[in-house]
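The values are calculated or read from the model by the stated rules, or taken from the named source; none is laboratory data. Predicted model, so just to flag it, every value in this text is computed and none were measured. Here the Cβ positions follow ideal geometry from the backbone for every residue, glycine too, while neighbour counts run over all protein chains shown.
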Amino acid sequence: MSITKTSAIANALVLGVALSSCAATESAGFRHMTAADHERAAQSGQDQTGATAAEHLQAARDLRAAEQAACAEVPDIDRNQGPFARRDRIVAIEEIRDRVYPKQPKQTFGVAVYIRATLGTTEQWVGRVIQCHLAHYAVIGTAGAPETSLLLTDGARISISSTQVGFRVSVTSADIDVARQLLGKGRSLVANAS
């Protein structure tokens, strides 16, 4: 399962939320707004994206609807902290390295977090927890997010795969600075697991 993410605030796009097709909704500024940002823009009448108050209100409703759909039956701890909420289930982390060009030294592309499976947990469920986590922060913004949240890192790509004892959640970026930030957050997950 692969979940593509390019911005912490544009998470609703990951969930397939279709916003209206006007020119304003195509702007990066509009797509990066939280539901609360859209509501404030609609109420204040001040808008830097060129969107109308109605478009902002519709976008806020769409983000909230996406969160409600993605987070149905997902426990609050998983919604707030994602699949890494239960640190005792984190088995290991691994730096993801690869070459951009064949003769070039390998460089950091991100981190893989290995999660031990528990009864009833499937790859689809882990993906749903991730989608819920992303949708939740698309609504409220990342100000209250855990510092170690790999998933909310701008420019990150997320993928999930099954292993023999659980799941591998890979969070990568082609941007070397973002990749190093991801690795640091991954290491913090293990350091804080004790």
Inset, instruction - Check region 136-144 and report whether any residue there is touching a residue at least 60 places away in the same chain (Cβ under 8 Å), in a loop (DSSP other than H, G, I, E, B) and of a type in the set (Ser, Thr, Tyr). - result: yes
Inset, instruction - Run down ALA193, ALA179 and say which single residue is part of a loop (DSSP other than H, G, I, E, B) and at pLDDT below 95. - result: ALA193
Inset, instruction - Among the candidates ALA85, ALA36, single out the residue that is of a type in the set (A, V, I, L, M), under 28 Å from VAL178 (Cα atoms) and crowded, with 16+ Cβ neighbours inside 10 Å. - result: ALA85
Inset, instruction - Quick one: GLY50 ticks every box in (1) modelled with pLDDT under 90; (2) part of a helix (DSSP H, G or I); (3) surrounded by fewer than 19 Cβ atoms within 10 Å (Cβ to Cβ); (4) in contact with a helix residue (DSSP H, G or I) (Cβ under 9 Å, 6 or more places away or on another chain) except a single one, so which number is it? - result: (2)
